[in-house]
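The values are calculated or read from the model by the stated rules, or taken from the named source; none is laboratory data. In this text the structure is predicted, and so the values were computed from the model without any measurement. Counting neighbours? That spans all protein chains shown, and the Cβs are built from the backbone with ideal geometry, glycine included. Protein only, heavy atoms only, side chains kept; ligands, DNA and RNA dropped before computing areas. Shrake-Rupley method; radii C 1.70, N 1.55, O 1.52, S 1.80 Å.
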2 protein chains.
Amino acid sequence: MSKLVIVGTVAFDAIETPFGKTDKILGGAATYIGLSASNFNVDGAIVSVVGGDFPKEYITMLEDKGMNVEGLEVVEDGKTFFWSGKYHNDMNTRDTLATELNVLADFNPVVPEDYKDAEVVMLGNLHPLVQLGVINQMKAPKLVVLDTMNFWMDCALDELKQVIAKVDVITINDEEARQLSGEYSLVNASKKIMEMGPKFVVIKKGEHGALLFHKDDMFYAPALPLAEVFDPTGAGDTFAGGFSGFLAKTGDFSFENMKTAIIYGSALASFCVEKFGTERMTQLSKKEVHQRLQQFKSLTQFDIELK
Amino acid sequence: MSKLVIVGTVAFDAIETPFGKTDKILGGAATYIGLSASNFNVDGAIVSVVGGDFPKEYITMLEDKGMNVEGLEVVEDGKTFFWSGKYHNDMNTRDTLATELNVLADFNPVVPEDYKDAEVVMLGNLHPLVQLGVINQMKAPKLVVLDTMNFWMDCALDELKQVIAKVDVITINDEEARQLSGEYSLVNASKKIMEMGPKFVVIKKGEHGALLFHKDDMFYAPALPLAEVFDPTGAGDTFAGGFSGFLAKTGDFSFENMKTAIIYGSALASFCVEKFGTERMTQLSKKEVHQRLQQFKSLTQFDIELK
């Protein structure tokens, strides 16, 4: 069992989908990553910041899930990061209605002393300089996983490239991979991105699954076809949490084991979208996860005799 | 080994892609299906029509691949069906520049006497009434596979629905499945389409692979991520040819065997796009197919312990 450091936002989200809308509910990349990774009983720590308006019971809930929250700074006279968005009918695209950085604007991440020797670091989507600040506090991490998005490619590309040069795995979506590499083909895009630093590239394609690239090896994980996607918020973070959580639990960072990690990430993400916000992830049983993994197996397994 | 009847266009295509353009070259749904199915040494017959302008060596080539061409009518004073199209830079969308029906306008398909007892019928994309005409000539087919497209949904929906009611398997792309069913989710779309007749629904998602639905079972076949797609023309037909060819060869029409058939179809389609038109499919070796299938295996295989 390795230690896992998770950095990312802990936030309020207000979400509107064709199925309904929410008031301010619990959200944030680190929240989803932590909830997802907690399925592996890893020794995880969340590094983030919230304001005095953040309910104590949310913090307690994260602790109950086994997350160390020493690095979750509470700025008593500040307000928690807030994001509001509205999904279109296809559920694949969304408009951001509001982004209030609040306490995130001056966030200076501090990794708890006991977690500076963690083997696995999961850098959730945040400003690249914050991600870099976390990497620099780590003693000798064996696996650093980076999640990021097009926003940072648009407005902090140099800083983002500094982070990319220091990580082992990057997870981005297909459009972002194209933007970052300037290549349309995802095969070529992954090659260019590997030249920037990461040995592994995970390209998330939403309802079309995810691709893992490493040297000349490829792996294609499907997404579970769903009758209804209720709320896609946090699916990518949940994927990242399942992926990094499984790797922290097993301590095996080989290509073969990363395939399995991607299946775990995909399976957990398939739950996330079934309800608004974090609701589904806080109520997940081991049995449900087991059944979902079984579904992924039967979804992709085939017999072929190759003599 | 079952007999396989293939109906579809045999045509001239003129293709433009970002990589170049061709003059009139060999094309047509039945051509691609036949070339693809020939990899299984099936006893196949092509039912189609060409004009007097159609080179005899193309017909000989199809015969050399083991296809019976008795049902390939030659209208000496007519011209062969011609299609011309230009692909956009993303290679996923295209503009049709010209469609000249020519001899196809009055095509009355005739299934050769020796093939009326064929077990498997592959209805390539054509007017639904022509497809219906072929079904009606068959004695007792065990498996009828239908390929069609949005064009017929727009202009011959009633006739198309008559065909759909009589087939065992339908293969369409994701947008067509949505159009036909009125459902956005492919899970729900496949359910509605199964209610129209077919016991199996195959939804082709291009670079995102293909889904097979049967009752409550699902299977997800990936597409091989390619560095370059040279010319997508015929990929769907090649998929259908591999799918129906494998099923005709094995005579096993179970869900399990259809999974394997879809992998064969996907593997063969991945060759088709490597060169212009039918070029790659006419030069394919058993060894190359074998290696590609091995790639599909390693692309999707993962280890997961489920206790």
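Mind checking which of B:G28, A:I15, A:V167 is farthest towards the positive end of the protein assembly as shown's charge dipole, using Cβ charges of +1 (Lys, Arg) and -1 (Asp, Glu) about the Cα centre?
The one lying farthest along the dipole's positive direction is A:V167.
Of B:K56, A:K86, which has the most accessible area with a 1.4 Å probe, and how do the rest follow in descending order? Before the final figure, lay out the partial values.
Working: B:K56 110, A:K86 85 Å².
In descending accessible area the options line up as B:K56, A:K86.
As a test of the formula, what do you get for chain B when each DSSP H run with n ≥ 4 contributes -39,500 (n - 2.57) and the sum is divided by the residue count, at 222 nm and rounded to the nearest 500 deg cm²/dmol?
Rounded to the nearest 500, the figure is -10500 deg cm²/dmol.
So for A:V50, B:V69, what's the accessible-area order with a 1.4 Å probe, most first?
On the way: A:V50 0, B:V69 25 Å².
Output order, biggest surface exposure first: B:V69, A:V50.
Give the carbon-plus-sulfur fraction of the accessible surface of the range A:183-307 in %, rounded to a whole number; probe 1.4 Å, heavy atoms of protein chains only.
On the range A:183-307, the fraction of accessible area on carbon and sulfur atoms equals 49 percent.
Given 0.36 nm per residue, what is the gain on full extension from A:D23 to A:D216 after removing their alpha carbon distance, in nm? The partial results should precede the final answer.
Values: separation 193, 0.36 × 193 = 69.48 nm, distance 4.62 nm.
Result for the pair: 64.9 nm of gain on full extension.
Note down the relative contact order for chain A as a percent, whole number, built from C-alpha pairs under 8 angstrom at least six residues apart.
Numbers: 680 pairs, mean separation 55.7, N = 307.
Worked out over chain A, it gives 18 percent.
Where in the range A:220-306 are there trypsin sites (Lys or Arg not before Pro) that are in a DSSP coil and have at most 15 other Cβ atoms within 10 angstrom of their Cβ? Don't skip to the answer; put the middle values down first.
Numbers: sites: A:K249, A:K259, A:K275, A:R280, A:K286, A:K287, A:R292, A:K297; in loops: A:K275, A:R280.
Hits after loop and neighbour filter: A:K275.
So for the range A:59-156: antiparallel DSSP bridges make up what percent, rounded to the nearest 5?
Looking only at bridges with both residues in the range A:59-156, the antiparallel portion is about 60 percent.
Please calculate how many Å² of accessible area the protein assembly as shown carries per residue, with a 1.4 Å probe and no DNA, RNA or ligand atoms counted.
39 Å²
Considering the alpha-carbon set of the range A:227-273 alone, what are its Rg and its Dmax in angstrom?
When restricted to Cα atoms, the range A:227-273 yields Rg and Dmax of 11.3, 35 Å.
In the range A:3-300, what % of DSSP beta bridges are antiparallel (nearest 5)?
40 percent
What are the label-to-label distances in nm, one decimal and shortest first, from B:Q283 to the same spot in the other copies, with labels 7 Å along Cα to Cβ?
Between copies, matching label points for B:Q283 lie 6.0 nm apart.
Would you be so kind as to list the residues of the range B:216-236 that have their accessible area lowered by at least 30 Å² in the full protein complex compared with their chain by itself (1.4 Å probe)?
Residues losing area: B:M218, B:F219, B:Y220, B:P225, B:A227.
Distance in nm between label sites at A:A140 and B:E195, each 7 Å beyond Cα in the beta-carbon direction?
6.3 nm
If you stretched the chain out fully between B:D64 and B:E274, how much longer would it get, using 0.36 nm times the residue separation minus the C-alpha to C-alpha distance?
Details: separation 210, 0.36 × 210 = 75.60 nm, distance 2.25 nm.
Between B:D64 and B:E274, full extension yields 73.3 nm more.
Volume per residue, Å³, of the convex hull around the alpha-carbon atoms of the protein assembly as shown?
Per-residue hull volume (Cα only) is 146 Å³.
How far is B:D217 from itself in the other copies, in nm, if each label sits 7 Å out from Cα along the Cα-Cβ line, shortest first?
3.1
Looking down the axis that turns B into A, which residue of B has the closest beta carbon, and how many Å out?
B:H208, 2
How big is the range B:3-300 on each of its three principal axes, counting only the C-alpha atoms and giving the largest first in Å?
51, 44, 37
How far, in nm to one decimal, is B:N41 from itself in the other copies if the label point is set 7 angstrom along Cα toward Cβ? Shortest first, please.
5.6
Size of the dipole of the range A:115-249 about the Cα centre, Lys and Arg at +1 and Asp and Glu at -1 on the beta carbon, nothing else charged, in debye to 20? Each step should come with its number before you reach the end.
Details: 13 positive and 18 negative charges, 109 e Å.
Once rounded to the nearest 20, the dipole reads 520 debye.
Towards the positive end of the charge dipole of chain B, with charges on Cβ (+1 Lys, Arg; -1 Asp, Glu), say which of B:V130, B:M281, B:S254 has the farthest Cα.
Sorting the options by dipole projection puts first B:S254.
Distance between the C-alpha centers of the range A:252-303 and the range B:259-307? Whole Å please.
One Cα centre to the other: 26 Å.
Do any GluC sites (Glu not before Pro) in the range B:61-99 lie in a DSSP loop with no more than 12 other beta carbon atoms within 10 Å, and if so, which?
On the way: sites: B:E63, B:E70, B:E73, B:E76; in loops: B:E70, B:E76.
Those satisfying the criteria are B:E76.
How large is the accessible surface of B:V75 in square angstrom, using a 1.4 angstrom probe and rounding to the nearest 10?
Number for this one is 40 Å².
What's the FRET efficiency of A:E16 with B:E76 using the Cβ-Cβ distance as r and R₀ = 60 Å, to the nearest 0.05?
The calculated FRET efficiency here is 0.40.
For the range A:211-225, list residues with backbone N below 18 Å from a point placed 7 Å from the Cα of B:E175 toward its Cβ?
Answer for this model: none.
Considering the options A:P141, B:L101, A:G78, tell which one lies farthest towards the positive end of the dipole of the protein assembly as shown, charges being +1 on Lys and Arg and -1 on Asp and Glu at the Cβ, about the Cα centre.
A:P141
Rounded to the nearest 0.05, what FRET efficiency is calculated for A:L226 and B:D158 with R0 set to 30 Å and r the Cβ-Cβ distance?
My answer for the efficiency is 0.40.
Hey, can you grab everything whose amide H is under 5 Å from the amide H of A:G71? Only 5+ residues off in sequence or another chain; H modelled, so Pro and N-termini drop out.
The answer is A:I46.
Please report how far the C-alpha centroid of the range A:71-129 lies from that of the range B:224-250, rounded to the nearest whole angstrom.
Value for the Cα centre distance between the two parts: 45 Å.
Note down the magnitude of the dipole of the protein assembly as shown about its Cα centre, charges +1 on Lys and Arg C-beta and -1 on Asp and Glu C-beta and zero elsewhere, to the nearest 20 debye.
It comes to approximately 1160 debye.
At the nearest 100 Å², what buried accessible area, both sides summed, do you get for B and A when the probe is 1.4 Å?
Approximately 3600 Å², summed over both chains.
Just list whichever of B:K142/B:K275; A:K56/A:K297; B:K3/B:K199 have alpha carbons separated by over 31 Å in the model shown.
With Cα atoms farther than 31 Å apart: B:K142/B:K275; A:K56/A:K297.
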